[in-house]
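Colleague: First the structure, which I've put down as structure tokens, then a few questions once you've had a look.
The values are calculated or read from the model by the stated rules, or taken from the named source; none is laboratory data. This structure is a prediction, so every number in the text was calculated from the model and none was measured. Quick reminder, even Gly has a Cβ in these numbers, built from the backbone with ideal geometry, and neighbours come from all protein chains shown.
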């Protein structure tokens, strides 16, 4: 059999990385084979779990030429458990604490920076609850670019929603002045959380603070329009969104 | 959206999970994105026993209509049962939990002695 010469190759799989408080946590990575220096992306999964759909997103970044890693945010709650069981355990404990999220993203960024083909530039992207967490990380860590995909409660007050926990989900009003890198926001015009008004509020606040914010809202799309196995999937919005993500990270994560 | 809303309750009884039957100790109920169901949001129930590990879990993801139908069926069933049977069930569960607690304490003592 002739040995094939692959271009654009990457290897994907599970790896242990340093997480919050020095804990070793599981993560899913896509590592590009080409030794040429390149940026890295920390992917923050949505609340249901570190799952097949979000691992596919990590591989997409490998395909686009970025190194990528996605920490399993529920590893701390149930090390070694099936991801959905770990997510259930985390949910029962009240969800992912903000400081732990920042520690895990920081560990993911360190992992990517240490790769032999890293150019030192790191971006972060999160979906759904991870959208808010992506902004939180970008306000807390020295990152180079951040993408918020329809994250609720970056702006907007959750305390008025009946049943909403009062302590473990707070909007990021006090963090936004500390945003350290350009932010791309991708939203569905039909979404209620975040609502179009909350997106406008975010645009106004970041303009007031002099931050770089590129925002797009897609008509005919609601929450989770990137999720291909969900009824919320909107192919036109997702296709355009991926193109914008690639252009944004290519611009801000180049050496 | 991820709702972040979670109801947590103590539970007595048993459930059948991936590795067979086990005693249940707690339940969480939330309406949020499912892991497996195709609806955008579902009413999710996890019946768990964290003392036996995170895999000791019985999970369902139900559409809102199915969840309401289930809740109403549960209440209708309980309402139809003679009250003394319900009281007996509660009392037996309490006794069973007390016996299980003693057994756990006994094992702990043995473990310390070893």
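Colleague: When residue A:172 is evaluated against the numbered criteria (1) touching a residue at least 40 places away in the same chain (Cβ under 8 Å); (2) in contact with a strand residue (DSSP E or B) (Cβ under 9 Å, 6 or more places away or on another chain); (3) under 23 Å from residue B:4 (Cα atoms); (4) away from every other protein chain (no Cβ under 14 Å), which criterion, by number, is the only one it fails?
Modeller: It is condition (2) that residue A:172 fails.
Colleague: Moving on to the next point. Quick one: is residue A:67 at pLDDT 95 or above and farther than 25 Å from residue B:61 by Cα? Break it down stepwise before answering.
Modeller: Working: at pLDDT 95 or above: yes; farther than 25 Å from residue B:61 by Cα: yes.
It is true that residue A:67 is at pLDDT 95 or above and farther than 25 Å from residue B:61 by Cα.
Colleague: How about the stretch B:15-35: which of its residues are more than 9 Å from chain A (Cβ to nearest Cβ) and surrounded by fewer than 16 Cβ atoms within 10 Å (Cβ to Cβ)?
Modeller: Once the filter is applied, which keeps residues that are more than 9 Å from chain A (Cβ to nearest Cβ) and surrounded by fewer than 16 Cβ atoms within 10 Å (Cβ to Cβ), the stretch B:15-35 yields B:16, B:19, B:20, B:21.
Colleague: Right, something else. Quick check on my filter: what residues within the stretch A:122-145 are more than 21 Å from residue A:191 (Cβ to Cβ) and out of contact with any helix residue (DSSP H, G or I) (no Cβ under 7 Å at 6 or more places or on another chain)?
Modeller: Matches in the stretch A:122-145: A:142 only.
Colleague: Could you look through the stretch B:36-52, keep only residues that are closer than 15 Å to residue A:90 by Cα and buried (at least 16 other Cβ atoms within 10 Å of the Cβ), and pick out the one that is nearest to the chain's Cα centre (by Cα)? Walk me through how you get there before you give the answer.
Modeller: Here is the first cut: in the stretch B:36-52, the residues closer than 15 Å to residue A:90 by Cα are B:44-51.
Filter again for buried (at least 16 other Cβ atoms within 10 Å of the Cβ), leaving B:44-50.
Details: B:44: 12, B:45: 8, B:46: 7, B:47: 3, B:48: 6, B:49: 8, B:50: 11 Å.
It comes out as B:47.
Colleague: Restricting attention to the stretch A:142-170, which residues are at pLDDT 95 or above and surrounded by fewer than 19 Cβ atoms within 10 Å (Cβ to Cβ)?
Modeller: Of everything in the stretch A:142-170, just one residue is at pLDDT 95 or above and surrounded by fewer than 19 Cβ atoms within 10 Å (Cβ to Cβ), namely A:142.
Colleague: Given (1) within 12 Å of chain B (Cβ to nearest Cβ); (2) in contact (Cβ under 8 Å) with a residue 60 or more places away in the chain, identify the lone condition not met by residue A:191.
Modeller: Checking residue A:191 against (1) within 12 Å of chain B (Cβ to nearest Cβ); (2) in contact (Cβ under 8 Å) with a residue 60 or more places away in the chain, the one that fails is (2).
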